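Data block below; observations after.
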Amino acid sequence: MFRTIHIKLVGIFILLIVSLMVVVGTFLMLRVSQFYLDEFAQAMASAFSENEELVAELRAEARSGQPASLMGVLRVYSGILGIDLSQRHYYILDATTGAALSGTDQNGLRTLDITPNIATALSGSPGYQRQLTGSYMDCAVPITGGGHTFIVYIRDDMTRQQALNQELFLIIIEALLLGLAIAVLLAFTLSKTMTTPIEQLTKSALSVASGDFSKKLPVYAGDEIGVLTKTFNDMADVLNDTLDQIGNERDKLGTLFLHMNDGVAAFSRDGRILHMNPAAERMLGMFFSVKLTFDSLFDGIVKLSEVAAMSPRDTLGRSATVGERMLEMSFTTFGAAGLEPAGGVMALIYDVTERARLDKMRREFVSSVSHELRTPLTNVKSYAETLTNPDGLEPGLITRFSQVIMGEADRMARIVSDLLTLSRFDYGKMDWHLTSFPAADLLTGAFEAMRLEAIRRKQTLTLELPALLPVIHADRERIEQVLINILSNAIKYSHENGTIEMTAGIEAPGERGGMFWVTVTDGGIGIPPEDIERVFERFYRVDKARSRASGGTGLGLSIAQEIVQNHGGEILIESAPGRGTKVTMRLPVQS
């Protein structure tokens, strides 16, 4: 590119010099020719118009009718006429036909033609016309005397003027060659001065195009190129800042796109996939591949043509079930129609499986609460209505009815209390009273609290403690509540004469204290496999009739799990129908 600039500048200078020398040479040569023509015309006009003696003698000799007499007069006045037989000759012509009668150039006598000036003289007037482009200069003057008329014709073949023009031409050529040499030198020097900053700008532009904005161009002058260089440096800085901002935004959007929980899939307007984030892959059960299309992913849900026809401001919602997931989808367009890759179709995918599950749980919870409270309220109302008219009732019956009302009231109070406890867990407002106490004391207290209940049901409750048990830092009342709930369930769902064993220990003791565990094992009715994962749900009962008959609320294990998890532990259940149940509580021990 730069060689082209050099060549163009050199060519411009050469063309300028050549044009200038051509114009000057042509002007000089034309001016020389004009000068000689003017000088010749003036000299001839002065000789024949102002020199009365010459004219008078020519007229006198014309009376003789002899051309030779006129030739003699012209020879005498040859100095005035500038006669130079090497280039300027004179002739005597017939005034009627223009034929040459006599002359100083014998060749001219034979080849002399009728020129415009001769034609003028033939008409009776002197001819002094000048022809700038002609190869000669002449004048023709009619001379009349004694009834005879001749034409004095003087002709100059411009040999001197042509020689001078040739000399001027050689001078012009020499000047042109010298000018060309100077022009080439100046052109290369000037072009180098002009193109060096351009070369630097080009190299810097290539660096900027490759992403390198560190190189700054020096500004050597305050001219247009200097201003351009400074502007380029400023532009590179602004472009660098802009690209940094765009890069940051792209990184943020890329991170958001990659880690967002909602699925996003983008397609071209012909259905080819452009982008799909991991959430969309997970929800749709398909990994990104260039072979994926809109129709292959959303076949039977929505048509591509239906979405592509929408405005970017419009959205189209759809619901679908993919595997075990319930999905809600929102389709829209982006970019301008017909533009590639700017135009396309985008699908936003939301996994509402958990929301649907929670909604179902909420409905079941409301239904369970309503059912649990309706039964005791119905009993209370029935017995209370009976007691409002006690006439005819035996005193023992009145007492029994009152005891039923009090029992149902206590049952409702327990339900409300358990619900309040769960509510405090949900909102993080549970008050914990953490203390350090021996684990053996905790186990002994729970064992003694439930031993009489086991005896009442004709069951055997045993406690096996190892020699060393840790000191636990926890809310003793709450942990004891968990153990009592586990023992109560074991007693409640075991047969008469059954055995319930409670054991404890510590696993992986070390610098961090390990895990304290308590296991309650019974040989009761057991839990079906499909119910094990749901026993911690609120109001869920495996044997609903037996649970209600025993006064349970269905919230005990839910509360127990919340308590243990808030202490950093866990509750594990192993069970099989007819083979009993094993419940393990694990708590971290602080060293």
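The table for this structure:
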| read-out | value |
| --- | --- |
| Residue ranges of helices (runs of 4 or more DSSP H) in segment 1-102 with at least 2 members closer than 16 Å to residue 140 by Cβ and not basic (Lys, Arg) | 2-50, 52-62, 67-76 |
| Unmet criterion (only one of (1) within 30 Å of residue 277 (Cβ to Cβ); (2) of a type in the set (Lys, Arg); (3) touching a residue at least 12 places away in the same chain (Cβ under 8 Å)) for residue 252 | (3) |
| Scope segment 178-223; condition of a type in the set (Gly, Ala, Ser) and within 31 Å of the chain's Cα centre (by Cα); matching residues | 204, 205, 207, 209, 210, 211, 214 |
| Residue that is modelled with the lowest pLDDT, among those in segment 546-574 that are open to solvent by 30 Å² or more (accessible area, probe 1.4 Å) and polar (S, T, N, Q) | 550 |
| Criterion: in a loop (DSSP other than H, G, I, E, B) and at pLDDT 75 or above - qualifying residue of 233, 261 | 261 |
| Residues of segment 494-512 satisfying the condition of being of a type outside the set (D, E, K, R), open to solvent by 20 Å² or more (accessible area, probe 1.4 Å) and part of a strand (DSSP E or B) | 499, 503, 506 |
| Members of segment 284-305 that are in contact (Cβ under 8 Å) with a residue 24 or more places away in the chain and open to solvent by less than 30 Å² (accessible area, probe 1.4 Å) | 284, 294, 297, 298, 302, 304 |
| Identity of the residue in segment 306-334, assigned to a loop (DSSP other than H, G, I, E, B) and either open to solvent by less than 70 Å² (accessible area, probe 1.4 Å) or among the small types (Gly, Ala, Ser) (or both), that ends up modelled with the lowest pLDDT | 323 |
| Boolean, residue 21 is open to solvent by 30 Å² or more (accessible area, probe 1.4 Å) and touching a residue at least 60 places away in the same chain (Cβ under 8 Å) | yes |
| Single match in 287, 232, 213 (criterion: among the aromatic types (Phe, Trp, Tyr), out of contact with any strand residue (DSSP E or B) (no Cβ under 7 Å at 6 or more places or on another chain) and under 30 Å from residue 327 (Cα atoms)) | 287 |
| Residue satisfying all of: in segment 85-95; out of contact with any Asp or Glu (no Cβ under 6 Å at 6 or more places or on another chain) and in contact (Cβ under 8 Å) with a residue 24 or more places away in the chain; surrounded by the fewest Cβ atoms within 10 Å (Cβ to Cβ) among these | 86 |
| Flag if residue 113 is charged (D, E, K, R) and either part of a loop (DSSP other than H, G, I, E, B) or open to solvent by 30 Å² or more (accessible area, probe 1.4 Å) (or both) | yes |
| Set 535, 542: member being open to solvent by 50 Å² or more (accessible area, probe 1.4 Å), modelled with pLDDT under 90, not in a helix (DSSP H, G or I) and not basic (Lys, Arg) | 542 |
| Whichever residue in segment 265-305 is under 25 Å from the mean Cα position of the chain (by Cα) and in a helix (DSSP H, G or I) and, among such residues, is nearest to residue 332 (Cα to Cα) | 294 |
| Test: residue in segment 125-148 that is open to solvent by less than 20 Å² (accessible area, probe 1.4 Å), farther than 24 Å from residue 62 by Cβ, in contact (Cβ under 8 Å) with a residue 24 or more places away in the chain and part of a helix (DSSP H, G or I) | no |
| Where a residue in segment 456-468 is at pLDDT below 95 and its partner, wherever it lies, is surrounded by 11 or more Cβ atoms within 10 Å (Cβ to Cβ) and assigned to a loop (DSSP other than H, G, I, E, B), with Cβ under 6 Å and at least six apart | 459/494; 459/498 |
| Residue that is surrounded by 12 or more Cβ atoms within 10 Å (Cβ to Cβ), within 24 Å of residue 15 (Cβ to Cβ) and in contact (Cβ under 8 Å) with a residue 12 or more places away in the chain, where the choices are 190, 164, 201 | 190 |
| Selection status of residue 102, among the small types (Gly, Ala, Ser) and open to solvent by less than 60 Å² (accessible area, probe 1.4 Å) | yes |
| Subset tally (residues that are surrounded by 12 or more Cβ atoms within 10 Å (Cβ to Cβ) and over 19 Å from residue 411 (Cβ atoms)) for segment 387-398 | 4 |
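The values are calculated or read from the model by the stated rules, or taken from the named source; none is laboratory data. It should be emphasised that the depicted structure is a prediction, and the values quoted were computed from it without experimental measurement. We place every Cβ from the backbone using ideal geometry, glycine too, and count neighbours over all the protein chains shown. Surface areas here come from the heavy atoms of the whole protein model, side chains and all, with no ligands, DNA or RNA. Shrake-Rupley method; radii C 1.70, N 1.55, O 1.52, S 1.80 Å.
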